Amino acid sequence: MRSIHLDIAGQRCRIFPDASIDALREFCVPGNAVIISDKNVWHHHGHKFLPYRTIEIEPGEEHKTLKTISGIYGQLCAMEIDRSTTIVGVGGGIVCDIAGFAASTYLRGLPFGFVPTTLLAQVDASVGGKNGVNLEGYKNLIGTFAQPGFVLCDLSFLRTLPYDELKNGIAEAVKSALISDRALFEYIEDNCKAIISLDRNVLERIINGCLTIKTDIVSRDEKESGERRKLNLGHTIGHAIEKAGGYRHGEAVSIGIVAAAKMSEMRGALSNEDVLRIEALLASFGLPTRLKSDREAVMDAVGKDKKRQGTAVRFVFLDGIGNAVIETMEIAELEEVLF
Ligand code: GLY
């Protein structure tokens with residue numbers, strides 16, 4: 001199995017871009033591990049969890065709350081687990097966030113790992129060590145920085161997901177390529193059909209590329225005080241679009257990426273040809289590139305962004321395809337590209 005390592009504070013996270021959930025036994029003893037997964041994953045893959053104790057949670061962003069965490073704590077307490085128990089989150093980004101947060105806080109921190117089951121979680125959300133839940137409608141307002149010990153990307157899980165779910169992951173993969181790997185961007189351009197048909201070799205190359213980018217950045221800036229902010233390309237606007245409603249995460253990020261590309265062009269850092277190329281790539285996967293929902297609600301949500309600094313935000317611009325720069329800009333400037 002090809003692997004990537006993320007070493008932080010003397011601890012190693014081992015990441016496998018193309019593994020099988022069967023390999024889980026190499027990372028934890030079934031009798032001393034607890035799988036946390038949601039009902040959707042359970043429905044298709046529950047039989048794979050048989051040797052493990054399990055906790056089932058409700059699917060969906062609306063359940064990424066302290067109430068769900070409290071329910072998990074209660075079940076871990078009833079199981080009488082101790083600090084030698086490994087928690088394994090098997091699911092998409094929401095399950096990874098919830099399982100990682102519960103594991104990193106229960107008994108002041110248990111060992112944990114992930115089997116990400118969506119492309120979004122495989123290219124991005126399962127790696128990086130940020131584990132959070134929402135509060136009062138604000139995303140990830142409560143959370144921890146704690147690295148999983150292992151991440152096993154099992155591509156067979158992708159076969160039971162709708163195409164809309166795949167699109168969420170594609171938007172994040174394009175984002176990763178845009179911020180630091182022009183060759184990966186071109187590879188995605190050249191392999192659209194193979195990605196949509198879930199070609200294993202192509203997906204493995206893309207997951208490996210995205211996670212190499214992410215681990216490189218996170219190893220230099222775990223706590224997001226500088227370079228790690230580049231991973232937010234398209235997300236300042238994307239999160240606001242998602243919050244305003246009507247778009248899934250990947251769709252909102254896709255519109256956010258194109259807006260960031262246009263703003264980069266306005267600053268003279270990106271050519272119009274590259275903006276059109278980015279737009280065309282996202283559109284070729286059926287991702288939206290223009291905002292059709294309530295722009296006032298989007299601007300209102302940007303104004304309430306928890307990362308805002310007064311009337312300004314730190315914004316990720318592109319300086320060519322494969323290179324990102326972070327600069328502070330006035331929120332009002334965003335209106336020019338969104339309106
Ligand atoms: N767990 C996602 C991240 O750290 O970026």
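The values are calculated or read from the model by the stated rules, or taken from the named source; none is laboratory data. Everything numeric here is computed off the predicted structure, so don't read it as measured data. Here Cβ is always computed from backbone atoms with ideal geometry, including for glycine, and neighbour counts include all displayed protein chains. Accessible surface is based on the protein model in full, side chains and every heavy atom, while ligands, DNA and RNA are left aside. Shrake-Rupley method; radii C 1.70, N 1.55, O 1.52, S 1.80 Å.
Charges were assigned to the Cβ only: +1 to each Lys and Arg, -1 to each Asp and Glu. The resulting dipole of the chain about its Cα centre is roughly 680 debye. Across q = 0.16, 0.20, 0.28, 0.29 Å⁻¹, region 185-246 modelled as identical point scatterers on its alpha-carbon atoms has Debye log10 I(q)/I(0) values of -0.75, -0.92, -0.99, -1.02, in the order of the q list.
Is the C-alpha gyration tensor of region 112-155 telling us rounded, prolate or oblate? Criteria: a/c under 1.5 is rounded; beyond that, a/b larger than b/c is prolate, otherwise oblate. Oblate, because a/c is 1.5 or more while a/b does not exceed b/c. Against the criterion of solvent-accessible heavy-atom surface with a 1.4 angstrom probe, HIS5, HIS47, HIS235, HIS63 sort, most first, into HIS47, HIS5, HIS63, HIS235. For GLU335, the accessible area of its heavy atoms, probed at 1.4 Å with every protein chain present, is near 80 square angstrom.
Every Cα-Cα pair in the chain was counted, and those over 37 Å apart are 14% of them.
Surface listing: LYS214, LYS193, LYS243, LYS230 arranged by accessible area from highest to lowest gives LYS193, LYS243, LYS230, LYS214, probe 1.4 Å.
Over the C-alpha atoms of region 185-339, the Rg to Rh ratio, Rh being the Kirkwood estimate, stands at 0.96.
When GLU189, GLU165, GLU172, GLU136 are compared by accessible area of protein heavy atoms, the largest-first order is GLU136, GLU189, GLU165, GLU172, using a 1.4 Å probe.
Put simply, the Cα atoms of region 1-58 extend 35, 22, 21 Å along their principal axes, the longest span coming first.
Heavy-atom accessible area for ASP300, with the other protein chains in place and a 1.4 Å probe, reaches approximately 80 Å². Among the trypsin sites (Lys or Arg not before Pro) in region 284-317, those placed in a DSSP loop whose Cβ has at most 12 other Cβ atoms within 10 Å are ARG290, LYS292, LYS304, LYS306, LYS307. Over region 56-161, the hull volume per residue, using the convex hull of the C-alpha atoms, is 97 Å³.
Using only the Cα atoms of region 1-116, build the gyration tensor, take square roots of its eigenvalues as a ≥ b ≥ c, and label the shape rounded, prolate or oblate: rounded if a/c is under 1.5, else prolate if a/b is larger than b/c, else oblate. It comes out rounded by the Cα gyration axes. With 26 Å as the limit on Cα-Cα distance, the pairs of LYS67/LYS243; LYS167/LYS223; LYS39/LYS167; LYS230/LYS304; LYS67/LYS175 that go past it are LYS167/LYS223; LYS67/LYS175.
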